[in-house]
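One structure is given below, encoded as structure tokens.
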Amino acid sequence: MDVPHFLCSTEQFDRLLALIKNEGYKLLGPTLRDEAIVYDELQSASDLPIGWMDEQDPGRYRLKRRNDGAYFGYNLGQHSWKQFLFPPKEKLWSIKKESSSKLAVFQEVEPAIEKMAFIAVRACEIQALLIQDKVFNHKGASYTQYNKRREQLFILAVNCTRSVNTCFCPSMNAGPHVTQGYDLALTEIIEENSHYFVVAVGSERGSSLCDQLKLQTAESSHCDKAYGLVEKNSMGMKRRVDNEHVHEMLMKSWECKRWDELASRCINCANCTLVCPTCFCSDTQDKVSLDGQYVERWQSWESCFNLSHSYLNGQSIRSSAQSRYRQWLTHKFGTWWDQFGLSGCVGCGRCITWCPVGIDVTEELDELKNELDAKT
Amino acid sequence: MLTPEIYQVQSNTQETPDIFTLVLSPRDKKRAPDFMPGQFTMLYCFGIGESAISISSDPRQPHELSYTIRAVGHVTRGLQKLKKGDEVGVRGPFGSHWPLVKKGSDVVLIAGGVGLAPLHSALLYLMSHRQDYKKIKLLYGSKKPEDVLYSQEMKLWQEQGVEVALTVDVADSSWKGEVGVVTRLIENAISSPKETLALLCGPEIMLKYAIDELLRAQVEQDNIHIAMERNMQCAVGFCGHCLYGPHFICKDGPIFPYTKIHAQLAIKEL
């Protein structure tokens, strides 16, 4: 254990959130709404879905009461953190007409950036944030508003000591151990007579909060126990993707029959791309005032499942459902490597759970491989 | 990067029934940005939207950018209506450019339809560096005789030693040239294949057949360069619309060496 570790009681955790809030951060974290875990503003720890757990399977999501008071005894909902850094809708600029031919200057939007603290960020979600950092920053360009929000972000991570059936982060090298990109990382431990957190410190900001709370240094036995719980969870996850070979396999799969079979089930709803924490496609629209003299340029989330995504010169390049599903899967698990040097998938399983027809990407990748293997 | 600058329309000339050339200068007499032939900018038509358009002017003209555009969608039809003095938004230039550094070689430019526009800029560049190249040939296919672009300028190009071969799909009684697809002109145009640089721009189907012909004529794969087109909205690799297998057309392209995209060209609906 190279980073400092502390012990934190549930009371101290409540105070930890209050301290973060007092430092001017808006607390965002899991809350209970409409029978799902959704990310929203927290006033205090009591807004967390304490004592709840989730069950997830392809096309199925249910919340259930736990028989303990676990703070983080559930995994993920349909929301991902990207909505706060790369909002579903964002104004980019506006412009006015000054006369029939003249324009005023383009007014770039300077959004009021709030300091945000993400509470209970899982390992797979940190990996997703690091992926979007790469997407929105390359040598040619950077997404200014995203970066402004990202720079001030405080991340309170939580190690997963349980998982749901749709999770497969270990095979994507994205979890469940939180190893990077956090300020503080908690592991929740519930025993017969005790309920506490082992806290790993990942930044100066995190360290200063531990000092303010006067947290007790964790013994190596506590650290081992915490690590063991996460490791046991890791070993128990059944779904997997052959991350090492999937890119190569997909680059041979363009003509597979499986795409046709997939297209017969996929309803092109775009849910998978909207719940995906790394999908980054966006669209722009001009909103024109009724008098036609003022225009706002808005950016909004877009999906490669929409026909309009590949529109060119009066028609869509990817007009078949097969080609659109293929675009998504080959990009996420394949060509993403060529572009960003890593997979676009973090194994969170949201696309499996929130697919209304229960398409399971891990199964589809296996089927594609089987079809290719049968040919050779 | 995502916010345009304001430019003024200097002129708007109808070239053919649906193609026009727009000449723009930065407002306040500023210098236009430097660019290389093959690069594109995003043109913004007030209240309608943006469209990715290749620059077709001479890169040595510091105060203006010109564009030869086919009116095919909302934005391009909006741009077609602009008059001298009207203002538009311009972002860019973006993307890769034609590799015009292979001195001492023959250059063959193969264009279909409005695909001549991005090559027009390359042609002007080549003529201003005429001594650096051997033969320069333009093979250009149009649908009908009235669709032939830059027909007035072509005489000037020929005077400066550019061999021009035209073909149309459908001729009329006035047409003295070839009839048929542009790819049929390739075989005769290649005299020293190992020393030939080929620059291609046109519909994807034309590109595929033209590449086949070039390879058959033994032009080196590495010397074939292609302009690709996809839906582009952000132009900086963020919006995802122009994804083409592993490439973002906007930042890795739009000009690609054939060797970099030959695998993708074979895949339908990519």
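Throughout, read-outs are computed from the coordinates displayed, never taken from laboratory work. These numbers were taken from a predicted model, which means no experiment stands behind them. Heads up, the Cβs are rebuilt from the backbone with ideal geometry, glycines too, and the neighbour counts pull from every protein chain shown.
Positive end of the charge dipole of region A:102-224 (Lys, Arg +1 and Asp, Glu -1 on Cβ, about the Cα centre): tell me which of A:158, A:137, A:124 has its Cα farthest that way. The listed residue farthest towards the positive side: A:137. Centre-to-centre, using Cα atoms only, region A:179-241 and region A:31-99 are separated by 22 Å. Net charge of the neighbourhood of residue A:86, taken over other residues with C-beta under 10 Å away and scored Lys/Arg +1, Asp/Glu -1, is +2.
Placing unit charges on the Cβ atoms only, positive for Lys and Arg and negative for Asp and Glu, gives the protein assembly as shown a dipole magnitude near 1080 debye about its Cα centre. Of the residues B:173, B:136, B:196, the one whose Cα sits farthest toward the positive end of the charge dipole of region B:122-270, with +1 on the Cβ of Lys and Arg and -1 on the Cβ of Asp and Glu, is B:196. Mean partner shielding of peptide B:229-238, defined as the number of other chain Cβ atoms within 10 Å of each residue Cβ, is 6. Under the criterion of Cα pairs below 8 Å and six or more residues apart, the relative contact order for region A:132-218 equals 21 percent.
How large is the charge dipole for region A:276-376, taken about the Cα centre, if only the Cβ atoms of Lys, Arg (+1) and Asp, Glu (-1) carry charge, to the nearest 20 debye? Could the numbers behind the result be given before it?
Values: 9 positive and 13 negative charges, 24 e Å.
Result for region A:276-376 is approximately 120 debye, rounded to the nearest 20.
Distance cut-off 26 Å, Cα to Cα: go down the list A:134/A:369; A:148/A:232; A:102/B:81; A:238/A:369 and report the pairs above it. Distance filter (> 26 Å) returns A:134/A:369; A:148/A:232. Put in line by how crowded their Cβ is, counting other Cβ atoms within 10 Å and starting with the fewest, A:294, A:61, A:71 read A:294, A:61, A:71. Quick one: angle between helix B:204-216 and the longest Cα principal axis of chain B, in degrees between 0 and 90, rounded to 10, please. Long axis of B:204-216 versus the principal axis of chain B: about 30 degrees.
Selection among A:179, A:282, A:241 by position relative to the dipole of chain A gives A:282 as farthest towards the positive end (Cβ unit charges, Cα centre).
The mean sequence separation of alpha-carbon pairs under 8 Å and at least six residues apart, normalised by the residue count of region B:138-184, gives a relative contact order of 44 percent.
Please sort by residue number the trypsin sites (Lys or Arg not before Pro) in region B:95-131 whose DSSP state is loop and whose Cβ has at most 12 other Cβ atoms within 10 Å. Filter output for region B:95-131: B:103.
Each Lys and Arg Cβ is given +1 and each Asp and Glu Cβ -1; about its Cα centre, chain A then shows a dipole of about 820 debye. Whole-Hz Karplus values for region A:100-105 come out as 4, 10, 8, 10, 6, 8 Hz, taken residue by residue from phi with 6.51 cos²θ - 1.76 cosθ + 1.60 and θ = phi - 60°; glycine and proline positions read x. Backbone geometry of region B:148-163 corresponds, through the Karplus equation with coefficients 6.51, -1.76 and 1.60 at θ = phi - 60°, to 3J(HN,Hα) couplings of 5, 8, 6, 5, 5, 5, 4, 4, 4, 4, 5, 4, 8, x, 9, 7 Hz, x marking Gly and Pro. In whole angstrom, how far apart do the alpha carbon centroids of region B:124-154 and region B:31-61 sit? Cα centroid of region B:124-154 versus Cα centroid of region B:31-61: 20 Å apart.
Per DSSP H run of n ≥ 4, the term is -39500 (n - 2.57); total these for chain B, divide by its residue number, and report the mean residue ellipticity at 222 nm rounded to 500 deg cm²/dmol. Don't jump to the answer; show the numbers that get you there.
Details: 7 runs with 58 residues, N = 270.
Roughly -6000 deg cm²/dmol at 222 nm, from the helical runs in chain B.
Taking Lys and Arg as +1 and Asp and Glu as -1, the other residues whose beta-carbon sits under 15 Å from that of residue A:140 total +3.
Over region B:1-107, calculate the relative contact order: mean separation of alpha carbon pairs under 8 Å at least 6 apart, over the residue count, as a percent.
36 percent
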